[in-house]
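In what follows, a structure is listed as structure tokens, so that the remarks can point back to it.
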Amino acid sequence: MHELSLAESLREIIETEAGRQGFSRVERVILQVGALSCVEPEAMRFCFDAVMAGSVAEGGVLEIVEVPGRGRCGGCGEAEMGALYDPCPGCGRPLEVVQGREIRLLELSVT
């Protein structure tokens, strides 16, 4: 379950920023997660709650903004992707992923 290591990395980022910016509590974390990133939102929420215990984000709410997968075909253009290796729906060739792999910390609501 790599969501655990992602949550631990997120905690490190939050704790570093708390030290730099001087906030003492995180009320909300908004995380952007691509559909092709292999991150399960529910597993990430579970890991977030467990990993944030004892940190400035303990009790904070994790909001996940899901980003759909999109790929580009050299001949047909862009198409939606439901899975990482989906072929082009028009011609069957492999798609180049252009959206959906990202995992980004978008916003922290702090006090």
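What the table below lists for this structure:
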{"quantity": "Antiparallel bridges, percent of DSSP beta bridges restricted to segment 27-111 (to nearest 5)", "calculated": "70"}
{"quantity": "Calculated FRET value between Val61 and Asp86, using beta carbons and R₀ = 25 Å, to 0.05", "calculated": "0.15"}
{"quantity": "Rg/Rh (Cα only; Kirkwood hydrodynamic radius) as it applies to the chain", "calculated": "1.12"}
{"quantity": "Two-site label geometry, Ala53 and Leu106: point separation in nm, points 7 Å out along Cα→Cβ", "calculated": "2.9"}
{"quantity": "The chain, dipole about Cα centre (Lys/Arg Cβ +1, Asp/Glu Cβ -1), debye to the nearest 20", "calculated": "280"}
{"quantity": "Gain upon complete extension [Glu27, Arg72; 0.36 nm per residue less C-alpha separation]", "calculated": "12.4 nm"}
{"quantity": "Relative contact order (%) - the chain, alpha-carbon pairs under 8 angstrom, separation at least six", "calculated": "36"}
{"quantity": "Charge tally in the Cβ shell below 12 Å around Glu40, where Lys, Arg are +1 and Asp, Glu are -1, Glu40 excluded", "calculated": "-2"}
{"quantity": "Cα long-axis angle, helix 41-51 against the chain (0 to 90 degrees, to the nearest 10)", "calculated": "20"}
{"quantity": "Extension gain from Arg20 to His2, taking 0.36 nm per residue of separation minus the Cα-Cα distance", "calculated": "3.8 nm"}
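Every read-out reported here was derived from the displayed coordinates using simple, explicitly stated rules and does not represent laboratory data. Please read all numbers here as calculations on a predicted model, not as lab measurements. When we count neighbours, we look across all protein chains shown, and the Cβ atoms used for this are built from the backbone with ideal geometry, even at glycine.
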